[in-house]
Amino acid sequence: MNPLHDLFNPRSIAVVGASDRPHSIGARTLDNLLVHSQFEGDIYLVSTSKAELYGRRTWPSVQDLPATPDVAMVVVPASATLEVLEQCAARGVKFAVVLTSGFGEAGPEGQALEARMRDIAARSGLRIYGPNCPGVCNVNGRLGMTFSPSFPHDLRPGPIGIATQGGGLGRNIMQAMDRGIGVAMWSSSGNEVDLQVADFIDYMADADDIRVIVTLIEGIKDGARLVRALSKAARKGKPVVALKVGRSEEGARAAASHTASITGSAQVNSAVLAQLGVIEVDDIDELVDTAWLLARQLPGDAEAIAVYCSSGGAAALTADVIGQQRVPLTTFRPETTAALASKFPSYAAVGNPVDTTTAVLSQKGLFDSTLLDVCRDPGVALTVLPVAIDYGSVTVEIAEAVVRVQAQSPVPILPIWMSDRCGEGFDIYVRAGIVPARSVGKAVKAVRRWLDHGRWRRRADRLDWQPWPQLGQVPQPGRVLHLNEHQAKQWLARHGVAVPQGVLASTRDEAVAAATRLGFPVVLKVASADIVHKTEVGGVAVHLADADAVAVAWDRIHASVRERAPQATLQGLLVERMAGAGGVEVLVGVSRDPVFGPVLTFGLGGIHVELFQDVARRLLPLTRPEAERLVREPRSFALLDGARGRPKADVAALVDLLLAVSDFVGAQGDRIDEIDLNPVWVGPAGSGVLALDAVIVGRGSVGS
């Protein structure tokens, strides 16, 4: 049984701070629990001022209760909350739902109170929900442990679980019930002194009555906990649809102010969510549309859709948006086309999109028969049905026909209600659970997310990835590593990272001798732990074709570095054989995200990475299939794949290098803060790869 089972399904509840004062939090909480819930367990009321409330006896404190409740709902002022929690902990209460505000969101004093709350949870085993939250709503169980006056109106049960941090947007998602969206439960975690959104996702992954999990995240306090929960949902086959607030600089500031959580890097957050199969969306409407489509039916093997419409203009508009979103349209099987052609008049369009014209309005049964023909085509994953206007009784008849066909269809039918007038036809869809999208753009975006998730589900390796135990750990303070390029490359080479042959020379004569042994042309680079950007201080000379050129370059580099970086300590000059012609330069970097830990970044190398920002990211460790997808993700992969007559690059060797870098980071634990291999030379197929430059930033000492 999930550790949070008794939170969402308690046998007994205490309301601490119960009240009958109109409009107070205590009174609204009692009203939802006693009047609007259907809770059959024991309810205990704790009040220091009233001996009786709502015809029920009260007790002056938690320690005076006749039995220990599973859940204590805490609605006392912030100044009294700690005493109540101490009593709950001493009494053995399992969960405390703290609705009260005035904690971390209120400033330093509130943050100090939260620290003491965390201490109570850590030493007692009492799990604390909140504070500064609207509570818990188990809609399928008709239980509202909340002060929200909206609870009695938001009771349409269903298969969607909602886990949010904020209350207002969470309730906004709940109220999609008015469009026919059924919700199983909603948890809103508030300031998360103990329980977090991740814990509720974990519970919902286990819950039998939940098919799809929706989450709205403002900040992430524990990346490892979230990764474990999302991985569990993936293993259980439950899609997670997420809206991450704080993706812009302005949004990040607002989210941090609201929840006092770490918002993290938007690019890293998105990469991690995608890696775990989470469907990330851009707004609430898209969140709801996508989640309900997944709740209706998970995608199968087909990857293209059909459009069935009685308006030529609406069909063309829908096809335009489908093209813009790069959603493929099915090419019907000949049997489907023949069946449609035999039933429609000659002026109807029987390709895809299907334009039925007005024939379906005058010929009984034609709509049902032809729509079912389209839905049964083997290449159709889903059929969208734009409804341009409300035709009154005609639209009602069409809606009734769609409901009949959906009962026989192997694929979902998604109506798109394009009119601002929502008549009886709209209500028919809602009652049947065939919830219409409210615009073509929103509908097609939801369909694209749905199809993308289907592709992810079909990946054979999708559940293979496992996080490192040290995921998200902040490195312990220690001596900062000071490595020059030669030392960094030697360390990497011991772990299988391909680097050029090189010699660290301490004199001009050693450099000339090394270049002669390696073979010309060579490159000379200053070796100094104090100099990261060697070109900026004149510390690099390339294409040195003979011994004289090496000697001249030696003097020139030393003179330039002494002038531009006089404080730098030089360990010598690194002499390396120049990489061959015809290669592509890429970037491979690792940075330690404060939330999730080591993240690898890959993209076009040299100066282009800053100019185009064309990169892909993955949370480490890498698996081989994930590394193979990673290199193909940036648009610049075309340069590796033989664009414009270029030879195909050695992608297999590049994948090997990425895996070696991942293994290197894993072997070093928390010693590595940053790795920068830029550029990495990728030669033509069969000629390998070379990390031409290497920077490692870390702490401690060089490992094995």
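Assorted remarks:
- HN-Hα J in Hz across the range 72-89 - Karplus 6.51, -1.76, 1.60, θ = phi - 60°, x for Gly and Pro: 10, 8, 9, 10, 7, x, 4, 5, 9, 5, 4, 4, 5, 5, 4, 5, 4, 5
- The angle between the Cα long axis of helix 334-343 and the longest principal axis of the Cα atoms of the chain comes to about 40 degrees, rounded to the nearest 10.
- The angle separating the long axis of helix 547-564 from the principal Cα axis of greatest extent in the chain is about 60 degrees.
- Straight-line reach from K534: taking Cα to Cα under 12 Å and skipping same-chain neighbours fewer than 8 places apart, the aspartates and glutamates in range are E485, D693.
- Along the range 211-222 the Karplus relation, 6.51 cos²θ - 1.76 cosθ + 1.60 evaluated at θ = phi - 60°, assigns HN-Hα couplings of 9, 9, 10, 10, 9, 10, 10, 9, x, 10, 8, 9 Hz to successive residues, with x for each Gly and Pro.
- Mean separation of Cα pairs under 8 Å and 6 or more residues apart, divided by the residue count, gives the range 523-580 a relative contact order of 53 percent.
- Over all projection directions, the Cα-based convex hull of the range 303-425 averages an area of 7.1 nm².
- The chain: calculated mean residue ellipticity at 222 nm from DSSP helix runs of at least 4, using -39500 (n - 2.57): -11000 deg cm²/dmol
- Considering only Cα atoms, the convex hull volume of the range 527-643 works out to 154 Å³ per residue.
- Degrees separating the helix 508-518 axis from the principal Cα axis of the chain, which is the longest one: 70 degrees
- Net charge of neighbours whose Cβ lies under 12 Å from the Cβ of E397, counting Lys and Arg as +1 and Asp and Glu as -1: -1
- Accessible area of T516 in the full protein assembly, 1.4 Å probe (Å², nearest 10): 80 Å²
- Fraction of antiparallel bridges per DSSP, the chain only, in percent to nearest 5: 50 percent
- Residues whose amide H lies under 5 Å from that of W59, counting only those 5 or more places away or on a different chain, are L45, V46, S47; hydrogens are built 1.01 Å from N in the peptide plane.
- The share of alpha-carbon pairs in the chain lying farther apart than 36 Å comes to 54%.
- Between the range 627-704 and the range 351-366, the alpha-carbon centres lie 56 Å apart.
- Loop-located GluC sites (Glu not before Pro) in the range 39-98, at most 10 other Cβ atoms within 10 Å (DSSP): E40
- Cα centroid separation, the range 498-522 to the range 450-468: 47 Å.
- Straight-distance candidates among the lysines for linking to K221, with alpha-carbon spacing under 21 Å and chain neighbours fewer than 8 residues away dropped: K232, K244.
- Cβ-Cβ distance of A112 and D546, R₀ of 51 Å, FRET efficiency by 1/(1 + (r/R0)^6): the value works out to about 0.15.
The values are calculated or read from the model by the stated rules, or taken from the named source; none is laboratory data. Note that this is a predicted model, so its numbers are computed, not measured. Reconstructed Cβ throughout: ideal geometry from the backbone, glycine too, with neighbour counts over all protein chains shown. Remember, those area values only see protein heavy atoms, side chains included, never the ligands or the DNA or RNA. Shrake-Rupley method; radii C 1.70, N 1.55, O 1.52, S 1.80 Å.
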